[in-house]
Every structure is written in C-alpha cells, then in structure tokens.
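Student: There's a structure below that I have some questions on.
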Amino acid sequence: MGLLRIMMPPKFQLLAVMAFGVAMLFIENQIQKLEESRAKLERTMARHEVREVEQRQTRDSLRDSPGLPEIEDLIIIYNRVPKTASTSFTNIAYDLCGKNRFHVLHINTTKNNPVMSLQDQMRFVRNVTSWREMKPGFYHGHVAYLDFTKFGVKGKPVYINIVRDPIERLVSYYYFLRFGDDYRPGLRRRKQGDKKTFDECVSSGGSDCAPEKLWLQIPFFCGHYSECWNVGSRWALEQAKYNLVNEYLLVGVTEELEDFIMMLEAALPRFFRGATELYRTGKKSHLRKTSEKKPPTKESISKLQQSNIWKMENEFYEFALEQFQFVRAHSVREKDGELYLLAQNFFYEKIYPKVN
C-alpha cells in the first residue's frame, strides 16, 4: 500500500483503499459463514450421535430387561383437588386415552376420604408400580399426595395437579353441593334443597362457609402426615410448598388451564398429544359448570380474608401461581395474542468416545 500511495494519484489511492476494505469485509463475512456452517455441522453430527446412543440404550434395555421400555412404563398420578376444573381436565385424558394408547383409572375412595389407611397405601403403591397391563397409566382421584419412596419401590410416578384461588374454590364447592352442575344434572347432591346463598352463610356464621373449609389445597399437597390435616399448621404449608416444587412435574392453575394443558402436551406427548387442540375445539371436555352459582360480595370476601387460614391457603396458592408462571415464561412465547411453545434450546456436543 505504501508503494501504491507513492505511484498513484490521490484519487486512485482512495479508491484502492476502499476496494481493499471491501475485500476484507467480504473475507470476514465468508469466514463467519464458514464458522456458522461448521457449528451447524457439529450440531447435526452431535444429534446423530445422541440418537445412536439412545437407540443403542433402548435395544440394550429391551434385551437385558423383561420389563417395558421406559416410556411405556410411565405412570402419572393426578391427585385432583375438588372444584379446580379437575373433571374438565380429566375428561381430556379420557378423550385421548384410546388414540394415544394409555390407560385412565379413577381412584375411588370410600366417602371420598383423601387419606388412605397404611395397608391401602401399601396396596396402592404395589398396584401402581407392578400392574403392567395398565401401563402407561393415568391415575386420578381425590387423594392426598403419597410419597412412593417410603415403600421401597424402584419407580416413582409423575405427579401433576391444578390449584385455584381458595375463596373461588370454596364458593364453587358450596353451590355445587346444593345445585350440582351440568355434568350430571340429575344426580342428587348432599345439600340439595338448601337455598341459602354463600353470602347469607357467611353473614350467619354457617359451618359450610367457615374459614376452616378453606383448608384443603395445602393438606392435599402436604400428604399423609398427621400435621397436614391440622388446620392452620405452618409446618403443613411449608411441606406442601416443598412437595409442589420437588415432587410435582407441573402444577397449573384453574384460571390458566389452557396454558397448563399446552405445557403438559409439550412435556409428555406420549399421553397428551392433541390435548391443546381438543381443549380449544372439544364440545364436552371443558363444559362443566356449577349451577346457580352467585359471586360473593366484597363484604363476604373481606370477612374470610381476615382469617389466618385464608392467609395461609392464599400464600400457598400465590406460591403455586408464581411457580407456574415461572415455568411458563421459560416454555412458551406470546405472538399476536397466541401462545407458542419454544423449540428445543439446547444441544449436545463434544461427545466422546465417538460412535462407530
């Protein structure tokens, strides 16, 4: 370039410098494209190697073990809390089980008692883990959380659940006991004939709307410990929180049921493939509504919110909601008012030893 500056007129020197700059930019761009192509090739090779490893492991497991392949051995337990859209969600599983080839089983306890005897706990754990003909299986029922690790079994089920604003849940349950719903309209309910509104119940200090009736979601997540069912127990609240984040794959909220279903479909397509579309377009899966339900007044809500029991149940609900929204924020994106699942955002590389 020094020689060019000496021999060439200034105008041509400027053009030469510009041409050199353009050439350097072109070379840098080509190098960048080559690096991107190399990285893409490495990712493709890594994915191929991972598939080879997974296929080999599947073949080895089928050869060495008489049991079912891992995905076919999967068990989901939905220990559903009453009046949290549990029937609506469960109906989706019933609608999908034939198409997706899994079994759905209702856990029907005597008098809907959510706490099992010790011997029934043993029977249930043994049934769920060893009943090969019912695998893969989706179990649902109004049963408190049960820790399978206490019983010495190898496999643990996948737990899921849904929670709801505690006062809204109680109001819905109050009217459900009196008027039923549109799911089985002819069935006579326990409080049928009682015309007293929820507000009248709160005003008169009735037992069916007492703060103690709010204590349900915490013990359902806390489990089969005695302290779980002591109304207002701080230990039960903390145990319920612990179980929610450590023992449950996903806990949704009634108010955002579609998002919960979408995330389950992404995480567990073996069971929930097609669930989101079914929820959006299905004619029966999400139509259950409590009849004759009247929203409570601000006075009734305020009176319930003064109790420590509501404060604890609401704390648990807010904790569950925050966790669900955190998981959702890292799973989906919103665009033009529609939610879209994120594509796989990780890959494997530098896999050694190399697969032959």
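The values are calculated or read from the model by the stated rules, or taken from the named source; none is laboratory data. Fair warning: this is a prediction, and the values are worked out from it, not measured in the lab. When we count neighbours, we look across all protein chains shown, and the Cβ atoms used for this are built from the backbone with ideal geometry, even at glycine. Only protein heavy atoms, including side chains, enter the accessible area calculation; ligands, DNA and RNA are left aside. Shrake-Rupley method; radii C 1.70, N 1.55, O 1.52, S 1.80 Å.
Student: Across segment 25-31, in residue order, what do the Karplus-derived ³J(HN,Hα) couplings come to in whole Hz, using 6.51 cos²θ - 1.76 cosθ + 1.60 with θ = phi - 60° and x for Gly and Pro?
Tutor: 4, 4, 5, 4, 5, 5, 5
Student: Which trypsin sites (Lys or Arg not before Pro) in segment 192-251 pass both tests, a DSSP loop state and at most 16 other beta-carbon atoms within 10 Å?
Tutor: Filter output for segment 192-251: LYS195, LYS196.
Student: Check HIS103: other-chain or 5+ apart residues with amide H under 5 Å from its amide H, H built from backbone geometry?
Tutor: When sequence neighbours closer than 5 places are left aside, the close amide H contacts are GLY137, PHE138.
Student: How large is ³J(HN,Hα) for each residue in segment 256-273, as worked out from phi by the Karplus curve 6.51 cos²θ - 1.76 cosθ + 1.60 (θ = phi - 60°), to whole Hz, x for Gly and Pro?
Tutor: 10, 5, 4, 5, 4, 5, 4, 5, 5, 4, 5, 7, 10, x, 4, 9, 10, 4
Student: Same structure, new question: Would you kindly derive the ³J(HN,Hα) couplings of segment 159-173 from the backbone phi angles with the Karplus curve 6.51 cos²θ - 1.76 cosθ + 1.60 (θ = phi - 60°), listing them in order in whole Hz, with x for Gly and Pro?
Tutor: 8, 9, 6, 9, 10, 9, 3, x, 6, 4, 5, 5, 4, 4, 5
Student: Still on this model: Out of residues 5 or more away from VAL163 or on other chains, whose amide H comes under 5 Å of its own, with H placed 1.01 Å from N in the peptide plane?
Tutor: Close amide H contacts, sequence-distant or interchain: GLY252, VAL253, THR254.
Student: Moving on. Which one, ASN345, VAL332, VAL355, is farthest towards the positive end of the dipole of segment 315-356 when Lys and Arg carry +1 and Asp and Glu -1 on their Cβ?
Tutor: VAL355
Student: Cα extents of segment 91-139 along the three principal axes, largest first, in whole Å?
Tutor: 36, 24, 9
Student: Tell me which residues come under 5 Å, amide H to amide H, from VAL158 once H is placed; ignore anything under 5 positions away on its chain.
Tutor: ILE75, ILE76, ILE77
Student: Could you check the simple spin-label distance between SER226 and TYR352, using points 7 Å along Cα→Cβ, in nm with one decimal?
Tutor: Between SER226 and TYR352, the label points sit 5.8 nm apart.
Student: Restrict the search to segment 96-146; then list the trypsin sites (Lys or Arg not before Pro) that DSSP places in a loop and that have at most 11 other Cβ atoms within 10 Å of their Cβ.
Tutor: Sparse-neighbourhood loop trypsin sites (Lys or Arg not before Pro): ARG101.
Student: For segment 208-356, report the accessible area per residue in Å² (1.4 Å probe, heavy atoms, rounded to an integer).
Tutor: Values: 8790 Å² over 149 residues.
With the other protein chains kept in place, segment 208-356 gives 59 Å² per residue.
Student: If you wrap segment 226-356's Cα atoms in a convex hull and average its projection over all directions, what's the area in nm²?
Tutor: Result: a mean projected hull area of 14.5 nm².
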